[in-house]
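S.K.: Please see the structure below; I have some questions.
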Amino acid sequence: MTTTAELEGKQVVIVAGGSGIGRQLAQDAVDQGALVTITGRSADAVQAVADTIDGSVATAVVDLGNEESIAGLATELMRRDVVVDHLISLANAPAKGPVEKLEREAIIRAFDAKVIGALLLVKHLRPVGSVTLFSGVVGWRPKPGMAVTTTTNGAVAFLAQALAVELAPVRVNAVSPGIVDSGAWDGMGADRDTMFAGVAAKNPARRIGSPRDISQAVLSAITNPFLTGTVLHLDGGARLV
């Protein structure tokens, strides 16, 4: 487990922190003494997330599909005298559907969020401690209609390895969540619980993930001085079945 002392006073930037996982990460990091900045594409949306955190967090706006925006984020952090200790990117822009119906713009957005944007974040923000990128279980369990998501998630795993070598001693890792009750599935209504039950029944862990499961693993990873170039599979074993 991460101790408060390991994150006390550290600058943690959470990109695309508006999800249930992002909120939990921000809250847990604040609870452990970190100085947290949450970013997103919309100032209002990011502030709405910040308002739910018990403690003080800073906010900033960034569009990972626009390098000028990423450079602007770096300038804003510099203006605030923020040297990024730990960079965490949860950015995601799924391009789903059969290959014959995919649109080029959607594919590019997906790569901007997961791969190109991650590279540009590192280029401009220059974190000094660690980088954590988010992949996903579909990278190891392809499904019809998920070719782009599978590819971008797989690319994140290789990108973490490449950056771990190039940026050393800065540590770079990826996390690969499975199905997590993060709020992303709430639009399914009653079908959500049925889907969750089916997934849990097949998982070796026999449960669905929670935002706290992911947050605990991420905060442990960013403070572990001997962990780099690794994918943490936080999927309840889903990739094995």
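The values are calculated or read from the model by the stated rules, or taken from the named source; none is laboratory data. Being a predicted model, the structure only gives us computed values, none of them experimental. Virtual Cβ from ideal backbone geometry, glycine too; neighbours counted across all protein chains shown. Each accessible area value is taken on the protein alone, full model and side chains, heavy atoms only, with ligands, DNA and RNA left out. Shrake-Rupley method; radii C 1.70, N 1.55, O 1.52, S 1.80 Å.
S.K.: Among R207, R80, what's the order by accessible area (1.4 angstrom probe), most exposed first?
M.R.: Working: R207 110, R80 85 Å².
Ranking R207, R80 by accessible area, largest first, yields R207, R80.
S.K.: Then there's this: Rounded, prolate or oblate for the range 1-126? Axes are the square roots of the Cα gyration tensor eigenvalues, ordered a ≥ b ≥ c, and the cut-off for rounded is a/c under 1.5.
M.R.: prolate
S.K.: Measuring from centroid to centroid over Cα atoms, what is the spacing of the range 46-100 and the range 116-131 in Å?
M.R.: Cα centroid to Cα centroid, the span is 11 Å.
S.K.: Top mean-square fluctuation among D54, D191, D44, Gaussian network model of the chain, C-alpha springs under 10 Å?
M.R.: Highest fluctuation among the options: D191.
S.K.: So what's the net charge close to N92: Lys and Arg +1, Asp and Glu -1, counting the other residues with Cβ under 13 Å from its Cβ?
M.R.: Around N92, the charge tally is +3.
S.K.: Only four residue types carry charge here, +1 at the Cβ of Lys and Arg and -1 at the Cβ of Asp and Glu. Report the dipole size of the range 1-69 about the Cα centre in Debye, rounded to the nearest 20.
M.R.: Numbers: 3 positive and 10 negative charges, 14 e Å.
That gives a dipole near 60 debye.
S.K.: Let me ask something additional. For the chain, modelled as a Gaussian network with Cα springs under 10 Å, which listed residue fluctuates most, D85, D213, D193?
M.R.: It is D193.
S.K.: For G236, what charge total do you get from the other residues with a beta carbon under 11 Å from its beta carbon, if Lys and Arg give +1 and Asp and Glu give -1? Mind showing how you got there, number by number?
M.R.: Numbers: positive: K202, R206, R207, R239; negative: D213, D235.
For residues surrounding G236, the net value is +2.
S.K.: Using only protein heavy atoms and a 1.4 Å probe, report how much of E103 is accessible, in Å² to the nearest 10.
M.R.: Probe radius 1.4 Å; accessible area of E103 about 120 Å².
S.K.: Okay, moving on. Determine the sum of side-chain charges near L163: Lys and Arg each +1, Asp and Glu each -1, restricted to other residues whose C-beta is under 13 angstrom from that of L163. Spell out each step's value before the answer.
M.R.: Details: positive: K123, R126, R171; negative: E166.
Net of charged neighbours comes to +2.
S.K.: What is the spin-label model distance, in nm, from A168 to A48 if the labels are put 7 Å beyond Cα along the C-beta direction?
M.R.: 4.4 nm
S.K.: Let's see if you can work this out: charge +1 on each Lys and Arg Cβ, -1 on each Asp and Glu Cβ, no other charges. What is the dipole magnitude of the range 144-219 about its Cα centre, in debye to the nearest 20? Before the final figure, lay out each step's value.
M.R.: Details: 6 positive and 6 negative charges, 46 e Å.
So the magnitude is around 220 debye.
S.K.: Turning to a different aspect of this structure: Taking square-rooted eigenvalues a ≥ b ≥ c of the alpha carbon gyration tensor, is the range 33-93 rounded, prolate or oblate, where a/c under 1.5 means rounded and, failing that, a/b exceeding b/c means prolate? Provide the component values of the computation, followed by the final result.
M.R.: Values: a/c = 1.66, a/b = 1.16, b/c = 1.43.
Judged from the Cα gyration tensor, the range 33-93 comes out oblate (a/c at least 1.5, b/c at or above a/b).
S.K.: Quick one: grab the alpha carbon gyration tensor of the chain, order the square roots of its eigenvalues as a ≥ b ≥ c, and give me rounded if a/c is under 1.5, else prolate or oblate depending on whether a/b is larger than b/c. Present the calculation step by step, with values, prior to reporting the outcome.
M.R.: Details: a/c = 1.45, a/b = 1.29, b/c = 1.13.
Rounded, because the longest to shortest axis ratio a/c is under 1.5.
S.K.: Let me ask something else. R41 to N224: extension gain in nm, 0.36 nm per residue of separation minus the Cα-Cα distance? Write out the running numbers ahead of the final one.
M.R.: Details: separation 183, 0.36 × 183 = 65.88 nm, distance 3.00 nm.
Answer, rounded to one decimal: 62.9 nm.
S.K.: From the phi of every residue in the range 86-101, what ³J(HN,Hα) in whole Hz does the Karplus formula 6.51 cos²θ - 1.76 cosθ + 1.60 yield, where θ is phi - 60° and glycine or proline is x?
M.R.: 10, 10, 10, 10, 9, 4, 7, 9, x, 10, 9, x, x, 3, 5, 10
S.K.: Still on this model: How high is the relative contact order of the chain? Use alpha-carbon pairs under 8 Å, at least six apart in sequence, and give a whole percent. Working shown, then result.
M.R.: On the way: 475 pairs, mean separation 46.2, N = 241.
Once normalised by length, the contact order is 19 percent.
S.K.: Just to check I understand the Karplus step: with θ = phi - 60° and J = 6.51 cos²θ - 1.76 cosθ + 1.60, what whole-Hz values come out for the range 193-201, glycine and proline as x?
M.R.: 5, 5, 5, 4, 5, x, 5, 4, 5
S.K.: Now for a different question. Compare the peptides 15-21, 182-188, 47-53 by average per-residue count of other Cβ atoms within 10 angstrom and give them in order, highest first.
M.R.: Numbers: 15-21: 23.7, 182-188: 13.3, 47-53: 14.9.
Highest to lowest by the protection proxy: 15-21, 47-53, 182-188.
S.K.: Mind listing the long-range amide H neighbours of V36? Cut-off is under 5 Å, sequence gap 5 or more, other chains count too, H placed in the peptide plane at 1.01 Å from N.
M.R.: V12, A58
S.K.: Let's test the formula: R0 of 35 Å, r as the Cβ-Cβ distance of R80 and V241. What FRET efficiency results, to the nearest 0.05?
M.R.: Numbers: r = 46 Å, r/R0 = 1.31.
My answer for the efficiency is 0.15.
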